[in-house]
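For reference, the structure discussed in these notes is given below.
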Amino acid sequence: MSTPGSRMLIIQCEAAQLPGLYSEVIDRKMQPAGKIVDIFGNIKKPYATVICRGRCDIKPDEKVYAKAATEPKGYRPVPNKR
C-alpha cells in the first residue's frame, strides 16, 4: 500500500477476490475509509486506487476490506429486448 497524496491510496488486491469499482473500503475497525475508483495492473497482482473520505490515516501494513458497491441513485437496469 502506498499514499501518493493526502487523500489517495494505492492498494494491492487479491486476484481471486477482486473488488468492484466504487466499492466501499473499510479499515480493520470497520470504519469507512473511502471508495475504489480504479483497478489496474497485472491480472495476477491487481492494484486499486482508493479515494479516501478525509485524510488517509491507514498505515502501510494495515489491511483494508471492500464492501460490495450499491447501485447509484437513479440507476435503472435496461430490460433485454429480443
Order of Ile43, Ile11 - criterion: other Cβ atoms within 10 Å of each residue's Cβ, fewest first: Ile43, Ile11
Computed lengthening from Gln12 to Asp38, 0.36 nm per intervening residue step minus Cα-Cα distance: 8.2 nm
Fewest-first ranking of Val50, Val64, Val25, using other Cβ atoms within 10 Å as the exposure measure: Val64, Val25, Val50
Within the stretch 24-46, backbone nitrogen closer than 12 Å to the virtual label 7 Å beyond the Cα of Val64 toward Cβ: 24-28, 31-38
Local electrostatic count, Ile39, Cβ distance below 13 Å [Lys/Arg +1, Asp/Glu -1]: 0
Local net charge near Ser23, Cβ-Cβ under 10 Å (Lys/Arg +1, Asp/Glu -1): +1
Leading residue at positive end of dipole, the stretch 8-59 (Cβ point charges), from Cys52, Ala15, Gly41: Cys52
Cα-based Kirkwood hydrodynamic radius, the stretch 8-59, one decimal, Å: 11.2
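FYI, it's all coordinate maths here, none of it is from the lab. Since we're looking at a predicted model, the values are computed, not measured. So basically every Cβ, Gly included, is an ideal-geometry build from the backbone, and we count neighbours across all protein chains shown.
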